[in-house]
Amino acid sequence: MPKTLFLSSPLSTLAEQNLNATLATIARGLGFHCYVPQENLPPGGGATSIEVFEHNIAAVGANDLVLGVLDKPGSGVVFELAYAYALGKPIVVFRSDRQDYLGKILEGFWDATPRTHRATSLEELEAQLARLAQI
């Protein structure tokens with residue numbers, strides 16, 4: 001049975017949306033059913049803040065794995081990762097820019113995440129997800 005993955009990532013800019021599409025393509029290519037919020041509640045699509053909140057909370061809870069993008073994460077990403085962490089969900093974190101300081105709590109989260117669940121390149125991320133798809 002394919003595993004499910006929730007993509008928690010910034011999605012305000014076109015560059016962020018393009019990265020999300022790339023990450024979803026990688027995950028889907030490995031057999032994951034990938035939930036991408038921008039595909040389900042597109043930015044500017046008219047959903048209320050309560051609808052986005054309830055929709056994403058339900059999706060985090062329903063998925064097996066959370067992939068968090070820590071490149072300039074907004075409060076939504078931070079909240080979704082904290083919620084997934086509180087639920088005990090496996091989390092993989094991706095960060096392409098290690099020079100961007102995330103603040104103590106997120107830097108601590110990054111450092112506390114096992115090396116097997118973090119990546120700094122698309123190739124490394126694909127290898128991490130491929131391994132997790134087999135578990």
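Only the coordinates and a few stated rules stand behind these numbers; no lab work does. Fair warning: this is a prediction, and the values are worked out from it, not measured in the lab. For neighbour counting, all protein chains shown are included, and Cβ atoms are generated from backbone atoms with ideal geometry for every residue, glycine included.
Only Lys, Arg, Asp and Glu count, each charged at its Cβ (+1, +1, -1, -1), so figure out the dipole size of the chain about its Cα centre, rounded to 20 debye.
Values: 10 positive and 14 negative charges, 65 e Å.
Result for the chain is approximately 320 debye, rounded to the nearest 20.
Above 20 Å lies some portion of the pair distances; for segment 12-92, what is it as a whole percent of all C-alpha pairs?
Percent of Cα pairs beyond 20 Å in segment 12-92: 31.
Just grab the label-to-label distance for Thr13 and Ala62, each label 7 Å out from Cα along the Cβ direction, in nm (one decimal).
3.1
Using a 10 angstrom cutoff on alpha carbons, build the Gaussian network for the chain and name the most mobile of Glu16, Glu124, Glu51.
Highest fluctuation among the options: Glu51.
Dipole of segment 4-134 (Lys/Arg Cβ +1, Asp/Glu Cβ -1, origin at the Cα centre): which of Gly45, Gln17, Ala82 lies farthest to the positive side?
Ala82
Please check: in the Gaussian network model of the chain (C-alpha springs, under 10 Å), which one of Lys104, Lys72, Lys89 has the largest mean-square fluctuation.
Lys104
At 222 nm, what value in deg cm²/dmol follows for the chain if DSSP H runs of at least 4 each add -39500 (n - 2.57) and the sum is divided by all its residues, to the nearest 500?
Numbers: 6 runs with 69 residues, N = 135.
So the calculated ellipticity at 222 nm is -15500 deg cm²/dmol.
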